[in-house]
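Quick notes on the structure that follows.
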Amino acid sequence: MATKSKKRVRPAGPENALLAKTLHSSDAHFARGLAAFCQEAQVPEKVTQSVAAILADIRARGDAALSHYAAQFDGAQLAPGEFRVSPAELAAAHKRLPLAERRAIKAAHAAILAFNREGRAKPWRARNPHGATVGEKFDPIRRVGLYVPGGQVPLVSTVLMTATLAKIAGCPEIAVFTPSDAQGRVADGLLGALHFLGISEVYRIGGVQAIGAMAYGTATIPRVDKLFGPGNAYVCEAKRQVFGAVGVDSLPGPSELMVIADATARADYVASDLLAQAEHGSGREKIYLVVTSEALARAVERELAAQARTLSRSEKAQRVLDEGFLTIIVKRLEEAAAIANTVAPEHLELIVKPAAEKSLLKAITTAGAIMIGNHTPTALGDFTAGPSHVLPTGGSGRFFSGLRVADFVRRTSLVRYDAKSVRLAEPVVSAFAAMEQLDAHGRSVSIRVAG
């Protein structure tokens, strides 16, 4: 049975209701308590079943199912001919954007482009030990689908963080899916950014139904070869379920942040960063504060109370703080590194003394992205630092990495032997053919040597 985290008893009131869960790394059952908290991020069975039913319906009814779910979840009455956003709508949305927003999109794009150009795969050729020519070639995935969350929080930055990489890779077809409002409208920022990037295939379809449309295709929407992008718990589960029918980038679900801080950290900075991720507000976000002293934890708590009251999305942020926030007190930063590797957080901030940064960076191997120092809030990575903000969540950072250009490319190995090199390889093939009792394998090489 998992050990419950300790509850701090305090007077009622908003200032004293923020940090409900605290663990100490020195507790005998700390590992159980941490595991129990992380376990809460797992997808409930009702979500799994709901997603499966919607995907099955889309596979069976195609466009009719898409119209049905657009009405059910977004309140939008869309006929199949209205799914796609017209080029004129894209251009008009871009024109309506304030100059400051157009400049911000352009500036963020420049940083993302500069960073991700460095990650382009390069073909190569070499000689193997037999003297044969071997190498690799790289081709862009023919048709990719990009999911961009919309709804209450239209993630304009996600357009840049996905489509820019697909463009760098040279993908011939890029289809973008994002939900509309009840009138079938999509936020100008999203459409304007897509127009800026030259993306013309855009559908006002969101949620699980968008993942189904990408994976299976309908009469009006061609299926994609691989889909990309973050989403809520339902979208993330849908990506997991369609994997195999279509490629998926990773499982980037509700936002996660871990801040590791010592006495050099400013409590107001730390609190602002925690709230920045909490304000996504789905209720399934996970926020971790790992600190070296109770005093720092209390200082951050006071700042959280003061700053939370000023947010336009304070109720949603408060819900995350109430349900998905854990404070961990450690004695040594080495313990913090081990905790980070266990959690594999989407975003990790290291706000520690400079002398400790190097050892922590070496020790921590599972974080999606690491922000270093008092002046590097996660929001910089969310919007404009350069790396894509599409990052693994829910512990999948143990085996997934953040989105990069290579994810939009297929790798193909190349092999070319000649008469001399095949002769050198023949004894190895002959031995393996005998071990595996595959006579024809051996003969296909020995016939060339004899010939």
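The values are calculated or read from the model by the stated rules, or taken from the named source; none is laboratory data. Keep in mind that what you see is a predicted model, and the values were worked out from it rather than measured. Note that we place each Cβ from the backbone using ideal geometry, even for glycine, and neighbour counts take in every protein chain shown. Remember, those area values only see protein heavy atoms, side chains included, never the ligands or the DNA or RNA. Shrake-Rupley method; radii C 1.70, N 1.55, O 1.52, S 1.80 Å.
Of all DSSP bridge pairs formed entirely within the chain, close to 30 percent run antiparallel.
Karplus-derived 3J(HN,Hα) values for the range 419-426, using 6.51 cos²θ - 1.76 cosθ + 1.60 with θ = phi - 60°, are 4, 6, 6, 5, 5, 5, 7, 4 Hz; glycine and proline are entered as x. In this structure the amide hydrogen of E136, modeled in the peptide plane, comes within under 5 Å of the amide hydrogens of W124, L414, none closer than 5 places in sequence on its chain. A simple rule links phi to the HN-Hα coupling: the Karplus curve 6.51 cos²θ - 1.76 cosθ + 1.60 with θ = phi - 60°, which for the range 218-225 gives 9, 4, 9, 10, x, 5, 9, 8 Hz, with x for Gly and Pro. Summarising the amide proton neighbourhood of E349: residues at separation of 5 or more, or on other chains, whose placed amide H is nearer than 5 Å comprise M258, V259, I260, M371.
Per-residue 3J(HN,Hα) values for the range 400-414, derived from phi via the Karplus relation 6.51 cos²θ - 1.76 cosθ + 1.60 with θ = phi - 60°, read 10, 10, x, 5, 8, 4, 4, 5, 9, 10, 9, 9, 10, 7, 10 Hz in sequence order (x marks Gly and Pro). For volume of the Cα convex hull per residue in Å³, computed directly from the structure shown, the correct entry in (1) 161; (2) 189; (3) 202 is (3). Among the listed pairs K106/K167; K331/K353; K122/K226, those whose Cα-Cα separation exceeds 18 Å are K122/K226. Considering every alpha-carbon pair of the range 185-299, the percent of pairs per 10 Å bin, from zero through the bin containing the longest distance, is 12, 29, 28, 17, 11, 2, 0.
What you get for the range 170-259, charging only the Cβ of Lys and Arg (+1) and of Asp and Glu (-1), is a dipole of about 160 debye around the Cα centre. Summed over the residues of the range 396-449 and divided among them, the accessible surface reaches 73 Å² per residue at a probe radius of 1.4 Å.
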